[in-house]
Amino acid sequence: MTEIWRPKAPVRSRALRLQLLWLWVLVVVLYFSWEAASYRGLFAIMAEWQFDRLGQDLPTFNFCLLTMVFGWPALLILRRRRARELDERDAVANRALIGLDDESVAHVLETRRLKREGALALLAARDYMHFLFGFTAALWFAAVMALLWTLALPSSMDNPRVYTPDSLQQPQIHEGAAAFRGTLRYGRISSFSRGILFARRTALYAPLFPPKGANPDIRYFVEFLPAERPDIHSGSVITHREGVLVRSDLPGALIRLYRYLGYHPSPRYYVLYVNLATMRWPYYVIALQFLLGGATFLASGLWQRRHIGKLRTKVRQDAAAQQRTLREAVAA
């Protein structure tokens, strides 16, 4: 069987470069996970552009696009390093051509060129496969983290803490089951839809105005169900509301929207969700989006592995044919 020429870089060196590739991908994934969670940077710019043009954002698409664009340079760097290794090996091998006639040298150089192209193609295909599998692992890791994060959220609606308009202004507010009592006026109602595939849910949110004389920043938002829409109106009041109070858990796009409308959300704000299910729904959606995104990358990686097998067979066949041609030329 004809041997396919490959660069003989030390095994530890090749393993180190592969680990650096995976590390770079992990850093990129973690950074854009932070942007997505905090709704900042390029992730926020893309989401707001989509809101303006499409009426909704595409968080999974944005995340995958950003991580692929900024993770790709790692592959390019590896490819250039391997090309340099091949050039160095060619330079050493060319010393053995001294003394051969021009026709033999031409055949040998052509054989090396084909082997070099085949080796580079295989290395590039294998790096891309590792790249796809790396993103699969990173997205599934992010999905697991989104699910685990729900464990840190309040888990019960029993024994709600009662808050009045005055007690809501105290510095320390406890997360968990809560009941608002008293007259609380809320502002403009906004809607936000989240879902994936055929599962989609729309939630309504409204900011609660603080009492006169208190800090004007908005510290509380209230979630309403779509079924309540006929009974609620911007600028109206609530006198009794129970739910689950969670800190800083409103979609980043809505916080930005309210700032555009002239509201001033406090850096430390709270959201009163209707129940535990509506509170956890965004995390389930994010986890499912990451799982489906990872499955897409996995399918692409498996297809790439199959492509590598076919490419390896073709390279071997081409190398064998060129070797036969070279032997016939030398014998003649």
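Since every read-out is calculated from the coordinates, none of them should be taken as a lab result. Worth saying up front: this structure is predicted, and the values here are computed from it rather than measured. Here the Cβ positions follow ideal geometry from the backbone for every residue, glycine too, while neighbour counts run over all protein chains shown.
Data for the structure
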{"quantity": "Inter-label distance for Ala320 and Trp49, nm, one decimal - labels placed 7 Å from Cα along Cα-to-Cβ", "calculated": "5.0 nm"}
{"quantity": "About the Cα centre, charge dipole magnitude for segment 161-274 (Lys/Arg +1, Asp/Glu -1 at Cβ), debye", "calculated": "240 debye"}
{"quantity": "Val27-Asn159 FRET efficiency (beta carbon distance; Förster radius 56 Å; 0.05 resolution)", "calculated": "0.80"}
{"quantity": "Relative intensity, log₁₀ I(q)/I(0), of segment 176-332 from a Debye sum that treats every alpha carbon as a point, q = 0.14 Å⁻¹", "calculated": "-0.78"}
{"quantity": "At R0 = 45 Å, FRET efficiency that the Cβ-Cβ distance of Ser191 and Leu76 yields, to 0.05", "calculated": "0.55"}
{"quantity": "At R0 = 25 Å, FRET efficiency that the Cβ-Cβ distance of Val69 and Tyr260 yields, to 0.05", "calculated": "0.35"}
{"quantity": "Peptides 177-187, 292-302, 234-244 ordered by average Cβ neighbours within 10 Å, highest first", "calculated": "177-187, 292-302, 234-244"}
